[in-house]
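The values are calculated or read from the model by the stated rules, or taken from the named source; none is laboratory data. Quantities reported herein were computed from a predicted structural model and do not represent experimental measurements. Glycine gets a Cβ as well: all are built from the backbone with ideal geometry, and neighbour counts include every protein chain shown.
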Amino acid sequence: MTGASLRLVAHGHTAALRRARFGGTDDGLDEGGLRAALAQAHADPDRRGHLGVHDTCLSSPAAAARQTADTFGLLPTIETALADCDYGDWSGRSLEEIAGAHPRALHDWLSAPDSAPHGGESVTAVRDRVGGWLDEQLGAGRRVIAVTHPLVIRVAVVHALGLPTATYRQLDVEPLAVVRLTSQGTRWQLRLGAPRAG
């Protein structure tokens, strides 16, 4: 069996992320997000070493993901399977706004992964999309860096470990976080490593 290595990188801060807005605005990194990404990139002499050797870099179509990859000196190929959740009618609106206007719908969405009251994707649908892509990587024998969204990384970890979809709510993924999955071709393992000496 051929092994695979996958590093899932959360894009940096955007204005929408800081304001707890549902996706759909396609913001680039905000000033603080760009500064943090540059600081992380320049902390390593070759600007990519903290992400390890890779065969390919993939990115969500979103501007923030592409910009994060560019800041790290990577040349990403767009992968639509790594796109953020389609939030339908809630796109661009704040969590506070939806809580005020549609409290029951928000409760349903937050408590039931199969729910999609906004008319877009449910969390289960995002897991199915991302999980299908993840399964394709399992035996591909590639070392991949994938720059994407916190929710995508959360459901990817849940899928990789075979956990119930609702478990995604117990995972927090901060901007610029790096999650590493490895495989010998049959299943994924979550690998938690120590920081590189430097």
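Consider Gly132 carefully, then state whether it is closer than 20 Å to Ala62 by Cβ, of a type in the set (Gly, Ala, Ser), out of contact with any Leu (no Cβ under 7 Å at 6 or more places or on another chain) and at pLDDT 95 or above. Against the criterion (closer than 20 Å to Ala62 by Cβ, of a type in the set (Gly, Ala, Ser), out of contact with any Leu (no Cβ under 7 Å at 6 or more places or on another chain) and at pLDDT 95 or above), Gly132 qualifies. Quick check, is Asp114 farther than 27 Å from His54 by Cα, charged (D, E, K, R) and out of contact with any helix residue (DSSP H, G or I) (no Cβ under 6 Å at 6 or more places or on another chain)? So Asp114 fails the test.
In this structure, Thr71 qualifies as in contact with a Leu (Cβ under 7 Å, 6 or more places away or on another chain) and β-branched (Val, Ile, Thr). Residues in the range 80-98 that are touching a helix residue (DSSP H, G or I) at 6+ places or on another chain (Cβ under 7 Å) and under 30 Å from Gly52 (Cα atoms): 4 in all. Taking every residue in the range 132-153 that is on the phi > 0 side of the Ramachandran plot and pairing it with any residue that is polar (S, T, N, Q), at least 6 positions away or on another chain, the pairs with Cβ-Cβ distances below 7 Å are Gly141/Thr2.
Criterion first (crowded, with 20+ Cβ neighbours inside 10 Å, touching a Lys or Arg at 6+ places or on another chain (Cβ under 9 Å), without any contact (Cβ under 8 Å) to a residue 40 or more places away in the chain and hydrophobic (A, V, I, L, M, F, W, C)) does Ala160 satisfy it? When the stated conditions are applied, Ala160 passes them.
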